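Before any comments, here is the structure.
The values are calculated or read from the model by the stated rules, or taken from the named source; none is laboratory data. Since the structure is predicted, the reported quantities are computational estimates derived from the model, not experimental observations. Using ideal geometry, Cβ is built from the backbone for each residue, glycine included, and neighbour counts are taken over all protein chains shown. Only protein heavy atoms, including side chains, enter the accessible area calculation; ligands, DNA and RNA are left aside. Shrake-Rupley method; radii C 1.70, N 1.55, O 1.52, S 1.80 Å.
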Amino acid sequence: MTERLAELSALREQAVRGPSERATEAQHAKGKLTARERIELLLDPGSFTEVEQLRRHRATGFGLEANRPYTDGVVTGWGTVDGRTVFVYAHDFRIFGGALGEAHATKIHKIMDLALAAGAPLVSLNDGAGARIQEGVSALAGYGGIFQRNTKASGVIPQISVMLGPCAGGAAYSPALTDFVFMVRETSQMFITGPDVVRAVTGEEITQNGLGGADVHAATSGVAHFAYDNEETCLSEVRYLLSMLPSNNRENPPSVPCEDPADRSGDALVTLVPADGNRPYDMRQVIEELVDDGDHMEVHERWARNIICTLARLDGQVVGIVANQPQFLAGVLDIEASEKAARFVQLCDAFNIPIVTLLDVPGFLPGVDQEHGGIIRHGAKLLYAYCNATVPRISLILRKAYGGAYIVMDSQSIGADLTYAWPTNEIAVMGAEGAANVIFRKQIAGADDPEAMRARMVKEYKSELMHPYYAAERGLIDDVIDPAGTREVLISSLAMLRTKHADLPSRKHGNPPQ
């Protein structure tokens, strides 16, 4: 037994050490950590339990039979983050460039099955070169098994993909099926076909980062939800995100003790939002005044900046906040903003996170590009997501709420549980100027002084149909509140709604707009 234990210890040491010191140095020279170093940063110290450490591939041909390293290029197992169980797999770029083969894929399949069975989050640390070409279709089938499991686990357990190296082809599709994608600038890329293929097919010259780097996906494509400068910061933020999410869809998000008083007055809100609907302001400052300690984690911060989607806490309880951002495009809804908000609403609903919606929206963005790009079906995604959500939903109208955009942004008519407004609210089919031009077109055209007549009609329309209490008088909002008391109102309302129960009709699944 002593000899066998010594042999086992030597094998484990070999598996942990990896292929060679030279390979480790090469990984570090690229500014990248090894798979095990990444796992140590992600999980609580000493909590990692590895699975199938001694697995090796059985493939032959192309020299594979002479190169059978332990782990087969992926480290799998579970540990804890803040004491809660989290499953993880990490590609080891030092072994076959992290490429996926049959044994490699089987290890990932197992850890994904365990995560789903245990009802715990799954984090993938991706640094792989795609399918292992030497294993042919067996490697491709391994990706199919991952995709199938990603889809099965969707909305059941949180799935987080952390991109820490170049990931091409099939390696990019699994992250696209998960809930969140993190990337690191300069060292991580995602693309279906790399720069060489692009050059051969289209003649375009582009670098890996220019094609699929972190900034491209965080600001242009919307594939990445978060982008950071280094791996340490990135993995720290993954830990923080996990602290805001439940372990599975049968649990509520973890609550924490809160020292920020629930009845704290937000006096700054009175002057922070200009009463003039044409003046911009930063909605993030409003959010920071409302949430616990001003702390929140914005999703897709640099993509579709005319809408904000962020996770925060109110009195220690996690909430998802969707808010128009008047600082960009006046806060209008367009194709990208609708898609961004729709997916965030679906995420919150899947994981029992109440939704607070802050409205200051002048409408949908007009234009040929938007109409031809399908703003109707893309806007319908947000409408569908809200209508389908059964979590507690509270909407607050700060200023403008015009037309279809008002309805789509969780109005009372599509199922918001409670709707509040500030005294600066303007709820209408359209702005007063546009409405007056339509309704009083003939009077304005026939007047001796058309501009004076237009101004008088605009004032009349505002006083009749857009005064702050018009919607409240008709029961379309529940109350007009003092901005300074907004935090207390939201917290007490969410506390009341905590036991909300709502059932959807029995069905296999809906057929949302695409």
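Given the criterion without any contact (Cβ under 8 Å) to a residue 60 or more places away in the chain and not aromatic (Phe, Trp, Tyr), identify the matching residue among Leu122, Leu100, Leu114.
Among Leu122, Leu100, Leu114, only Leu122 is without any contact (Cβ under 8 Å) to a residue 60 or more places away in the chain and not aromatic (Phe, Trp, Tyr).
Return a yes/no flag: does segment 341-356 have any residue that is touching an Asp or Glu at 6+ places or on another chain (Cβ under 6 Å), under 23 Å from Ile491 (Cβ atoms) and part of a strand (DSSP E or B).
Taking every residue of segment 341-356 in turn, none turns out to be touching an Asp or Glu at 6+ places or on another chain (Cβ under 6 Å), under 23 Å from Ile491 (Cβ atoms) and part of a strand (DSSP E or B).
Of the residues that make up segment 124-142, is at least one open to solvent by 10 Å² or more (accessible area, probe 1.4 Å) and closer than 18 Å to Val51 by Cβ?
no
Residues being of a type in the set (S, T, N, Q) and under 13 Å from Met283 (Cα atoms): count how many of those fall in segment 321-374.
Here the count works out to 4.
Can you list residue pairs whose Cβ atoms sit under 8 Å apart, with the first residue in segment 44-62 being closer than 16 Å to Leu11 by Cα and open to solvent by less than 60 Å² (accessible area, probe 1.4 Å) and the second being at pLDDT 85 or above and of a type in the set (Val, Ile, Thr)? Count only pairs 6 or more apart in sequence or on different chains.
Once the first residue is closer than 16 Å to Leu11 by Cα and open to solvent by less than 60 Å² (accessible area, probe 1.4 Å) and sits in segment 44-62, its partners that are at pLDDT 85 or above and of a type in the set (Val, Ile, Thr) give Glu50/Val75; Glu50/Thr76; Val51/Thr76; Val51/Ile111; Glu52/Thr76; Gln53/Val75.
I'm checking my understanding of the structure. Among residues of segment 490-514 that are open to solvent by 20 Å² or more (accessible area, probe 1.4 Å) and touching a Pro at 6+ places or on another chain (Cβ under 8 Å), which one is farthest from Pro261 (Cα to Cα)?
In this case the residue turns out to be Lys500.
Could you figure out which of (1) open to solvent by 30 Å² or more (accessible area, probe 1.4 Å); (2) free of Cβ contacts under 8 Å to residues at least 24 places away in the same chain; (3) farther than 26 Å from Ile414 by Cβ isn't true of Asp293?
Checking Asp293 against (1) open to solvent by 30 Å² or more (accessible area, probe 1.4 Å); (2) free of Cβ contacts under 8 Å to residues at least 24 places away in the same chain; (3) farther than 26 Å from Ile414 by Cβ, the one that fails is (2).
Of all residues in segment 318-340, count the ones that are part of a loop (DSSP other than H, G, I, E, B) and closer than 17 Å to Ser411 by Cα.
Number satisfying all stated conditions: 1.
Going through segment 139-171 one residue at a time, which ones are among the small types (Gly, Ala, Ser) and under 24 Å from Arg239 (Cβ atoms)?
The answer is Ala153, Ser154, Gly155, Ser161, Gly165, Ala171.
Suppose we keep only residues that are touching a residue at least 40 places away in the same chain (Cβ under 8 Å) and small (Gly, Ala, Ser) within segment 21-43. Which one would you say is nearest to Gly79 (Cα to Cα)?
Of everything passing the filter in segment 21-43, Ala35 is nearest to Gly79 (Cα to Cα).
Within segment 305-343, work out how many residues are hydrophobic (A, V, I, L, M, F, W, C), touching a Gly at 6+ places or on another chain (Cβ under 7 Å) and open to solvent by 10 Å² or more (accessible area, probe 1.4 Å).
2
What tally of residues in segment 250-271 results from selecting those that are touching a residue at least 60 places away in the same chain (Cβ under 8 Å) and open to solvent by 30 Å² or more (accessible area, probe 1.4 Å)?
12
Looking at segment 229-246, can you tell me whether even one residue there is buried (at least 17 other Cβ atoms within 10 Å of the Cβ) and over 30 Å from Pro158 (Cβ atoms)?
no
I'm checking my understanding of the structure. Among residues of segment 160-182 that are part of a strand (DSSP E or B) and open to solvent by 10 Å² or more (accessible area, probe 1.4 Å), which one is modelled with the lowest pLDDT?
Filtering segment 160-182 for residues that are part of a strand (DSSP E or B) and open to solvent by 10 Å² or more (accessible area, probe 1.4 Å), the one modelled with the lowest pLDDT comes out as Ala168.
Please go through segment 66-94 and give me each residue that is within 18 Å of Ala26 (Cβ to Cβ) and open to solvent by 60 Å² or more (accessible area, probe 1.4 Å), ordered by number.
Hit for segment 66-94 is Asn67, nothing else.
Given the structure, is Arg377 of a type in the set (D, E, K, R), more than 24 Å from Phe344 (Cβ to Cβ) and open to solvent by 40 Å² or more (accessible area, probe 1.4 Å)?
no
I need the strands (runs of 3 or more DSSP E) fully contained in segment 201-317, keeping only those with at least 3 residues that are closer than 24 Å to Ala90 by Cβ.
In segment 201-317, the matching strands (runs of 3 or more DSSP E) lie at 226-228.
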